[in-house]
1. Quick one: count up the residues across the stretch 125-153 that are over 13 Å from the mean Cα position of the chain (by Cα), closer than 15 Å to residue 77 by Cβ and surrounded by fewer than 20 Cβ atoms within 10 Å (Cβ to Cβ).
2. Looking at this structure, is residue 99 touching a residue at least 40 places away in the same chain (Cβ under 8 Å), under 19 Å from residue 33 (Cβ atoms) and in contact with a strand residue (DSSP E or B) (Cβ under 6 Å, 6 or more places away or on another chain)?
3. If I go through the stretch 13-46 residue by residue, how many of them are more than 18 Å from residue 76 (Cα to Cα), at pLDDT 50 or above and surrounded by 15 or more Cβ atoms within 10 Å (Cβ to Cβ)?
4. Pull out all pairs, ordered by first then second residue, where Cβ-Cβ is under 7 Å, the residues are six or more apart or on different chains, the first lies in the stretch 124-151 and is on the phi > 0 side of the Ramachandran plot and without any contact (Cβ under 8 Å) to a residue 40 or more places away in the chain, and the second is surrounded by fewer than 18 Cβ atoms within 10 Å (Cβ to Cβ) and part of a strand (DSSP E or B).
5. Looking at (1) at pLDDT 95 or above; (2) out of contact with any strand residue (DSSP E or B) (no Cβ under 8 Å at 6 or more places or on another chain), find the lone condition where residue 136 falls short.
6. Answer with yes or no whether residue 72 is over 17 Å from residue 114 (Cβ atoms) and buried (at least 16 other Cβ atoms within 10 Å of the Cβ).
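The values are calculated or read from the model by the stated rules, or taken from the named source; none is laboratory data. Because the structure is a prediction, the values reported are computed rather than measured. When we count neighbours, we look across all protein chains shown, and the Cβ atoms used for this are built from the backbone with ideal geometry, even at glycine.
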């Protein structure tokens, strides 16, 4: 998705923030509810048939790849930057976040820098994801831990 689409999305969602908005992008559908706060949008790619809900914050400074059929619930934060705690200078580090196909991220979850979330996975509401999640897994908690492995069916 290019800068123009994000600027258009911001303009439209600010103008009509209380209404459901549907964007059609070359046969792709991105459903946006409310006015998400998206920064460094030029470093973010979003696949087909995704939805972004109310009060979502996405910081793409380190790069973010969102696959197809991903649902990002209300209040989710996806942050691809963080402090390098091994440095005495408190420097920021940027690491790419990859969210693969068919992932659901529950309300209020926080996805931190450098994480990969595998296909068909679920992140429970209010979870803090600071480590990779394998495909077909359900994680929840602070920090997020494996709750269950989903069937491949």
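1. Counting residues in the stretch 125-153 that are over 13 Å from the mean Cα position of the chain (by Cα), closer than 15 Å to residue 77 by Cβ and surrounded by fewer than 20 Cβ atoms within 10 Å (Cβ to Cβ) gives 5.
2. For residue 99, the condition - touching a residue at least 40 places away in the same chain (Cβ under 8 Å), under 19 Å from residue 33 (Cβ atoms) and in contact with a strand residue (DSSP E or B) (Cβ under 6 Å, 6 or more places away or on another chain) - is not met.
3. Number satisfying all stated conditions: 2.
4. 136/149
5. For residue 136, the failing item is (2).
6. yes
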